[in-house]
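Have a look at the structure below, then the notes.
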Amino acid sequence: MRRFWAIALSCVLLLLSGCGAAAPEELTLFAMDTYMTLTACGDGAKDALEEAAQRINALEQLFSRTREDSDVSRLNRQGSASLHPETAELLALSLSCAEATGGAFDVTVAPLVSLWNVTGDTPRVPAREEIDALMPLVGVEHLHLDGTSASLDEGCAVDLGGIAKGYASDQVAAIFAARGIRSGAVSLGGNVYVCGTRPDGTPWRVAVQDPQGAGYACILSLQDTFAVTSGAYQRNFTAPDGTVYHHILDPATGAPAQSDLLSVTVLGASGSVADAYSTALFVMGQRQAEAFWRAQGGFSLVLITADGRVRCTPDLSEQLTLSEDTSYVLEVISP
Ligand code: AMP
Ligand code: MG
């Protein structure tokens, strides 16, 4: 009998079916401030998942801003540091993503992330003067990287929260490849990687959460790809006056991005880039995000707009199915 179950995640649902005759190996962990679910099928699946979990924990130890002894914390505290090669690699990639997105993705937004503290215990709405005082500290020109040596201008800091989980998913994919896993699916807090197909040869089914409800807006049939969702609904707080403030900051204004999008899902061959781009395209808003896709290419998109549309790139039109009970309207983005 075919087993069927769904795993509820913060922003993407992975709809999984069993590993043929054999039971799939599953592992869940809490790391990088989120729940992660890893599934793999076939010989060596258990060992692959254990290695993947160890890798994710090791990466958190490098990239965390809340662990005092992480590479990122040392760099932010000291202003300069000799880094683990992987931290340096991710910072270098962050710089190139900042350049590609015109600064919409910018890891030097860290002082503003701390000021708003949306994902912390004591979020608050800062005064405009407090934001303005920090704006001169934001900009990738303040981060200097030379091999594994990094330094920051006075008062500046970096936050890898918008790209670290994507990087971790790249590493999980590498572990699966090295161990010969041909069928698996992982979701690292909404950063999804699907390896191969399901064991029966059919694509994996990845559901994009309805940003306005408990269900999902659409399902994607996917194989061998990364799919990363960013949205205002994922992490936010409500101010005393009832206004909701979310965790994706617009580096140009210093405040949560005033986006006409509810969520952005980026699909592509790199988890890190998909993660950085999903954050950046949310900041950009619909028109600019679609223009970026046309200019840049190399990835696919699902945008959910505030006025109730699911807009996907043409390559996804055959792979995307709207949820049956949804009021969203499906549109294809013109090339
Ligand atoms: P994500 O959930 O991948 O969209 O990333 C959001 C997280 O990245 C936030 O919680 C911050 O830690 C950080 N962040 C917020 N705004 C930006 C931005 N514009 N560029 C880079 N990182 C950001
Ligand atoms: Mg991101």
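The values are calculated or read from the model by the stated rules, or taken from the named source; none is laboratory data. None of these values were measured; they are calculated from a predicted model. Cβ sites come from the backbone with ideal geometry, for glycine too, and all protein chains shown count toward neighbours. Each accessible area value is taken on the protein alone, full model and side chains, heavy atoms only, with ligands, DNA and RNA left out. Shrake-Rupley method; radii C 1.70, N 1.55, O 1.52, S 1.80 Å.
Here are a few things to note about the model shown:
To keep it simple, each residue is scored yes or no on (1) closer than 30 Å to D307 by Cβ; (2) surrounded by fewer than 18 Cβ atoms within 10 Å (Cβ to Cβ).
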{"site": "V172", "(1), (2)": "no, no"}
{"site": "I175", "(1), (2)": "no, no"}
{"site": "G190", "(1), (2)": "yes, no"}
{"site": "Y193", "(1), (2)": "no, no"}
{"site": "T197", "(1), (2)": "no, yes"}
{"site": "A207", "(1), (2)": "yes, no"}
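- Residues in segment 93-109 that are surrounded by fewer than 23 Cβ atoms within 10 Å (Cβ to Cβ) and away from ligand 2 (no atom under 13 Å from the Cβ): L95, S96, E99, A100, G102, G103.
- Among residues of segment 40-49, those that are in contact with a strand residue (DSSP E or B) (Cβ under 7 Å, 6 or more places away or on another chain) and surrounded by fewer than 24 Cβ atoms within 10 Å (Cβ to Cβ), counted: 3
- Matching entry among V186, V158 (being β-branched (V, I, T), modelled with pLDDT of 95 or more and not in a loop (DSSP other than H, G, I, E, B)): V186
- Residue match in segment 307-328 (condition: within 26 Å of V125 (Cα to Cα), in contact (Cβ under 8 Å) with a residue 24 or more places away in the chain and either within 13 Å of ligand 2 (Cβ to nearest atom) or open to solvent by less than 50 Å² (accessible area, probe 1.4 Å) (or both)): no
- Tabulated pairs, segment 208-226, first free of Cβ contacts under 8 Å to residues at least 60 places away in the same chain, second assigned to a strand (DSSP E or B) and open to solvent by 30 Å² or more (accessible area, probe 1.4 Å), C-beta under 8 angstrom, 6+ apart or interchain: Q212/L262
- Hits in segment 296-312 - residues which are within 23 Å of I248 (Cα to Cα) and outside any strand (DSSP E or B): Q296, F299, A306, D307, G308
- Restricting segment 243-255 to residues that are part of a loop (DSSP other than H, G, I, E, B) and surrounded by fewer than 17 Cβ atoms within 10 Å (Cβ to Cβ), the residue that is modelled with the lowest pLDDT: T243
- For segment 256-287, the candidate set comprises residues that are touching a Lys or Arg at 6+ places or on another chain (Cβ under 9 Å) and either in a loop (DSSP other than H, G, I, E, B) or more than 15 Å from ligand 2 (Cβ to nearest atom) (or both); within that set, the residue that is least open to solvent (accessible area, probe 1.4 Å) is Q286.
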